[in-house]
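Asks: Once you've had a glance at the structure underneath, I'll fire off some questions.
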Amino acid sequence: MGLLDKLSSLLGLKKKEVHVLCLGLDNSGKTTIINKLKPSHAQTQDIVPTIGFSIEKFKTSSLSFTVFDMSGQGRYRNLWEHYYKEGQAIIFVIDSSDKLRMVVAREELETLLNHPDIKHRRIPILFFANKMDLRDAVTSVKVSQLLCLESIKDKPWHICASDAIKGEGLQEGVDWLQGH
Ligand SMILES: Nc1nc2c(ncn2[C@@H]2O[C@H](COP(=O)(O)OP(=O)(O)OP(=O)(O)O)[C@@H](O)[C@H]2O)c(=O)[nH]1
Ligand SMILES: [Mg+2]
């Protein structure tokens, strides 16, 4: 801990820390989104498919985020549940142009919502209907219909259309998350 950090924590000014889980199928854009949320000097140019998971930290004016960027590949999806307990918020990313796998995304979401470590908690879930720039993309309203989001009654949730490459829609989502 640096001197200033020490001083601010002594003074009770330490930023509230939040653990966020970033989930969704492989290739949906999770790592691209997390990368865009970092300060520009910390962003990387080449994003590769995540192996297992990676931990990223970044701060906004009021919160200090620790993000678990999980791999969405089928063989790694069983890792997700080990982090549910410590997660205080979830970012669930959907490739809005991948109509074929929308049903797989919905199944993974249902499994998540029914997990004992998630089911009875009012954990906020932010959905990014990502890749809005692609011609094949369906609207965020359509994504929320396909994933039956209206049936989530016991948790605060919000969906944002996003283009992670340009960074569009991301701030709106983070602003919502900070309010919860
Ligand atoms: N056109 C477009 N491409 C995107 C967008 N977001 C991400 N991509 C591309 O989608 C591909 C996958 O992005 P990643 O961020 O690696 O996806 P991921 O969800 O982290 O994938 P895994 O780590 O395998 O689970 C990359 O080639 C990105 O450049 C977007 O909004 N629009
Ligand atoms: Mg990734």
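No lab work stands behind these numbers, since they all come straight from the coordinates. Every value quoted in this text rests on a predicted model; they were computed, and no experiment measured them. Cβ atoms come from the backbone with ideal geometry, glycine included; neighbour counts cover every protein chain shown.
Asks: Length gain on complete extension for the stretch residue 59 to residue 100, per 0.36 nm per residue less the alpha carbon to alpha carbon distance?
Replies: Contour length minus the Cα-Cα distance gives 11.2 nm.
Asks: To the nearest 20 debye, what charge dipole does the range 1-153 have about its Cα centre, counting +1 at the Cβ of each Lys and Arg and -1 at the Cβ of each Asp and Glu?
Replies: Dipole magnitude for the range 1-153 comes out near 440 debye.
Asks: For the chain, what is the calculated [θ] at 222 nm in deg cm²/dmol (nearest 500), taking -39500 (n - 2.57) for each run of four or more DSSP H residues and dividing by its residue count?
Replies: Theoretical 222 nm ellipticity from helices: -7000 deg cm²/dmol.
Asks: Taking a cut-off of 27 Å, what percent of all Cα-Cα pairs in the chain are separated by more than that?
Replies: Tail of the P(r) past 27 Å holds 24 percent of the pairs.
Asks: Can you order the peptides 108-116, 126-134 by their average number of other Cβ atoms within 10 Å per residue, highest first?
Replies: 126-134, 108-116
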